[in-house]
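Written out below as structure tokens is the structure these notes cover.
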Amino acid sequence: MTDWLLDPDVAYLNHGSFGALPTVVGEAAADLRAMMERNPNDLLARRLAAMVDDIRGRVCQLLNGEPADCVFVPNTTTGTATVLTALSRTFDAGDEILTTDHRYGAIAAQLGAAASQAGIVPVSASVPVESATVADVIAAITDRITSRTRLVVVDSVASLSGFVFPVAEIVATVHDRGLPILVDAAHAPAQIEVDLAAINADFWVGNLHKWVCSPRAAGVMSVAPQWRDVVRPLVASHRYPEGYHQAFDWTGTFDPVPVLAIPAALDFWETVGWDNARETRRRLVDDGAGRVAKALGTVAPAADQFRAAMRVVELPQPLSDEQILRVEAALSTDHRIEAALMQLQGRSWVRVCAQVYNTAADYDRLALALPKVLPLS
Ligand SMILES: Cc1ncc(COP(=O)(O)O)c(C=O)c1O
């Protein structure tokens, strides 16, 4: 584990929430910070724009994206808020934004804000965690489209379930219905192979500090050309009038180190091998989820084609939100295990993640600890 800055005594089964840093990326970030601090003005006022442009190009190679479409944002929350705020201004009270019950809490909150500020109606399609086919997933979503639907928002890899949505197929179907679509891809870069050209979403936002393992916080947003006059940064600064890249690249003084360290993270994964890492994670999490499900006498239901590096295992009984916080804290303090518990579709789940630093022993530790910390009835 010397390759990672994580505490080796912790069974770290929650890579998904905030990522973790390879040691070489941490060192590169420290070097970049020292470089900046030797002459902040030279870096921020003169050299940064060209450096960011180069890094944008490298990130677009990874995602098969168009550099003209892509800007860095601090995180996915900011990206989705930017899109939803811009579009909500063009909608009328009573117009609907359709999402699914796997949506992240921040999206639910942003839709709640659009509801209270502009009378937008959030609609949620239920996509069962047991969904077996792409057609089932698409039908669950399109069944909820109405004449008032103005936008569809789907996850790429859902936080609540680890479910990998068939995003390209959903985008094509939603476009056939004449609607734009926003993809919340917070977990997608590096966890799954991303092909932005093939996905062809109107708006797509992903994090680099999760599975690409850049320092926190760095996100990337891709906006299709026809929307670039509508989607403007939430914060206007000097270069706002100059164009899309310029407006987003400088929204006031910020810490550029997370973006500047992205190349170090990309180099790290190039050494490990992107596909090799994805296969390792998939093997670890399938095996690990199975071990935890066996210990709990429950299921880890995702169908093969909707799995990547995060899986949810059902808990023997539903828990309240307070019980969930207590169980997570007990796992952390009493057992030195980090894992997230989730509520979805009236059931409670433990989410296990796999990163290349995990071993089968981490999941065994969780399998042993959970029955000790779960409430008895
Ligand atoms: C699906 C999903 N969307 C959005 C976010 C928000 O990411 P951030 O907190 O980096 O903005 C997360 C974070 O875990 C997420 O899982």
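A short reminder: the numbers here are calculations on the coordinates, not readings from a lab. Being a predicted model, the structure only gives us computed values, none of them experimental. Every residue, glycine as well, gets a Cβ built from its backbone with ideal geometry; the counts of neighbours run over all protein chains shown.
Using just its DSSP H runs of length 4 or more, each adding -39500 (n - 2.57), the chain gives a mean residue ellipticity at 222 nm of -13000 deg cm²/dmol after division by all residues.
Hey, quick one: spin label on Ala132, modelled 7 Å out along Cα-Cβ, who in the range 283-323 has an amide N within reach, i.e. under 14 Å? Residues 302-305 fall inside that zone. Dipole of the range 29-70 computed with +1 at Lys/Arg Cβ and -1 at Asp/Glu Cβ about the Cα centre; of Cys70, Met51, Asn41, farthest Cα towards the positive end is Asn41. Listed peptides 131-141, 161-171, 270-280 appear in the order 161-171, 131-141, 270-280 once ranked by packing, highest mean of other Cβ atoms within 10 Å at the front. A convex hull fitted around the alpha carbon atoms of the chain yields 136 Å³ per residue.
In plain terms, the residue of His238, His187 with the fewest other Cβ atoms within 10 Å comes first and the most crowded comes last, giving His238, His187. For the range 73-211, a simple Cβ point-charge model (Lys and Arg +1, Asp and Glu -1, everything else neutral) yields a dipole of about 380 debye relative to the Cα centre. Run the numbers on the range 294-341 and let me know its relative contact order in percent, using alpha-carbon pairs under 8 Å that are six or more apart. Relative contact order for the range 294-341 comes out at 27 percent. Counting every other Cβ atom within 10 Å of each residue's Cβ, Cys70, Cys213 order from fewest to most as Cys70, Cys213. The ranking of Met342, Met51, Met310, Met221 by Cβ neighbour count inside 10 Å, starting from the fewest, reads Met51, Met342, Met221, Met310.
What you get for the chain, charging only the Cβ of Lys and Arg (+1) and of Asp and Glu (-1), is a dipole of about 440 debye around the Cα centre. For the range 227-358, the spread of Cα positions along the three principal axes, ordered from largest to smallest, is 59, 39, 33 Å.
Label-to-label distance, Ala360 versus Lys372, with points set 7 angstrom from Cα along the beta-carbon direction: 2.2 nm. Only the Cβ atoms of Lys and Arg (+1) and of Asp and Glu (-1) were treated as charged; on that basis the dipole of the range 189-297 about its Cα centre amounts to roughly 440 debye. Only one residue of His187, Val157, Ala118 has its Cα farthest out toward the positive end of the dipole of the range 118-193, where Lys and Arg carry +1 and Asp and Glu -1 on Cβ, and that residue is Ala118. Counted residue by residue at 0.36 nm each, then reduced by the alpha carbon distance between them, the extension gain from Glu279 to Ser124 reaches 52.5 nm. From most to least packed by mean Cβ count within 10 Å, the peptides 247-259, 73-85 give 73-85, 247-259. Select from the range 92-180 those trypsin sites (Lys or Arg not before Pro) which occupy a DSSP coil region and have at most 15 other Cβ atoms within 10 Å, ordered by residue number. For trypsin sites (Lys or Arg not before Pro) across the range 92-180 that sit outside H, G, I, E and B with at most 15 neighbouring Cβ atoms in 10 Å, the list reads Arg148, Arg177.
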